[in-house]
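The values are calculated or read from the model by the stated rules, or taken from the named source; none is laboratory data. In this text the structure is predicted, and so the values were computed from the model without any measurement. Neighbour counts run over all protein chains shown; Cβ positions are idealised from the backbone, glycine included.
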Amino acid sequence: MSDMYQYIDTNEGLQIACDQLIKASAIAVDTEFVREDTFYPIPGLVQLAADGNTFLVDPVTIDNWQPLQTLLTDPDTLKVMHACSEDLELFQHWLELRPTPMADTQIAAAYVDMGLSPGYQSMVLDLLGETVDKGETRSNWLQRPLRDSQCHYAAMDVAHLMQCYDLLAQRLKDKGVWEWFLEDMQRLAQPKPAIDPELAYTQMKNAWRLQGKSVGRLRALAAWREVVARSENRPKSFVVKDSSLIDMAHKNPVDLSAIGECQDMRPSSLRRYGKQWLAIMGASSQVLPGVPQPLSKNENKDYKRLHKVVTGQAVNACVQVQLMGRKKELLALFEGLRKKQPFSLPSNWQGWREEFLAEPIATEYNHIQETQ
């Protein structure tokens, strides 16, 4: 045990630490994990801190996680994290929860003009003038015992977090965006469902190049891969690459030899799964609409008109344009234009964004639709 942290590697120790932490109004939370050859992240360490006490919790030796689950979902204890999307994914799969209530200091920093995605080290330097070592960023967090330098690095990842949050919270209030930030945090804390395997093909780069029955074959192949990757806990690209699936769906090979000629096909994948692919493609005769294509030159002009509205409203709200509206949401909105659908405000633009975006975006949307 170091003077700056307590290392927790027993069920009893976790219970004692969580009993102490749950008394705090807010705690700092971070994780270290490994995700090199697995579909799901593997927890390597959980860092918790409050009121000057820092705990490093060892997931390798502890098997009763109820105290941590209770702490992370306690409604009276705010969980403060930084750039927490991967931490949330880890907790959701590993402990079947999403910490709530929660606050992300990276998003808070973006609201007060400290950059769109400031790293923890740069945030600490800007707010506190402290330098945090980044030397163990790519460590193997599953090795045991952990080196002292790894433990020190992990402890420092939460050591300054609460102080930074307190400063950011005051800046958010001074700027008048505190309630907006709270709305975003409530939305972020909502469980995120796993992608439907039947829709996995829509996430694949270059899937838009396929049409007709090729799309049906790709949907079936991609759904199969999604299920296999999860069940075998392997990255999807380790099972079979996107490019291989797309080429198979396009060419509709009728034997293993022809599959072997598809783009980027691994012999090991072909041996293991080739007969399954033939069966899947043989049973896939459905004609499906294609995946949305990239914007054409003319469409890009109309997209820029929508983006200009979002940019202007971000200026009016004194926030960065990416906080007002993301490209993904604008592209989904533009897809409605392609399908000649009536205007519908994206769900992520409900709440405070609706005040700024609903009317001007609807006006521009309808104007573009009238001129198509």
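Computed quantities for the displayed model
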| item | result |
| --- | --- |
| Tally, over the range 23-41, of residues that are farther than 11 Å from Asn140 by Cα and either within 20 Å of the chain's Cα centre (by Cα) or not assigned by TED's automatic domain parsing to the domain that holds His160 (or both) | 9 |
| Any hit, the range 157-169, residues being on the phi < 0 side of the Ramachandran plot, among the small types (Gly, Ala, Ser) and assigned by TED's automatic domain parsing to the domain that holds Thr61 | yes |
| Test for Leu210: is it touching a residue at least 60 places away in the same chain (Cβ under 8 Å) and surrounded by 18 or more Cβ atoms within 10 Å (Cβ to Cβ) | yes |
| Among (1) assigned to a loop (DSSP other than H, G, I, E, B); (2) under 22 Å from the mean Cα position of the chain (by Cα); (3) of a type outside the set (Asp, Glu), the one test that Pro145 misses | (2) |
| Residue that is among the hydrophobic types (A, V, I, L, M, F, W, C) and within 16 Å of Leu188 (Cα to Cα), where the choices are Leu97, Leu68 | Leu97 |
| Test: residue in the range 133-140 that is within 23 Å of Tyr153 (Cα to Cα), surrounded by fewer than 16 Cβ atoms within 10 Å (Cβ to Cβ), touching a residue at least 12 places away in the same chain (Cβ under 8 Å) and touching a strand residue (DSSP E or B) at 6+ places or on another chain (Cβ under 9 Å) | yes |
| Unique match (being in contact (Cβ under 8 Å) with a residue 40 or more places away in the chain, touching a helix residue (DSSP H, G or I) at 6+ places or on another chain (Cβ under 9 Å) and aliphatic (A, V, I, L, M)) among Val254, Val239, Val215, Val227 | Val215 |
| Options Glu96, Glu86, Glu130: the member that is of a type outside the set (A, V, I, L, M), part of a helix (DSSP H, G or I) and surrounded by fewer than 16 Cβ atoms within 10 Å (Cβ to Cβ) | Glu86 |
| Residue within the range 11-22 that is in a loop (DSSP other than H, G, I, E, B), among the acidic types (Asp, Glu) and not assigned by TED's automatic domain parsing to the domain that holds Val240 present | no |
| Top-ranked residue of the range 334-352 - restricted to ones that are over 21 Å from the mean Cα position of the chain (by Cα) and buried (at least 18 other Cβ atoms within 10 Å of the Cβ), ranked as nearest to Asp184 (Cα to Cα) | Trp352 |
| From Pro75, Pro43, Pro67, residue being more than 22 Å from Met156 (Cβ to Cβ), modelled with pLDDT of 95 or more, buried (at least 19 other Cβ atoms within 10 Å of the Cβ) and not aliphatic (A, V, I, L, M) | Pro67 |
| In the range 290-306, the residues that are more than 14 Å from His367 (Cα to Cα) and touching a helix residue (DSSP H, G or I) at 6+ places or on another chain (Cβ under 6 Å) | Gly290, Val291, Pro292, Gln293, Leu295 |
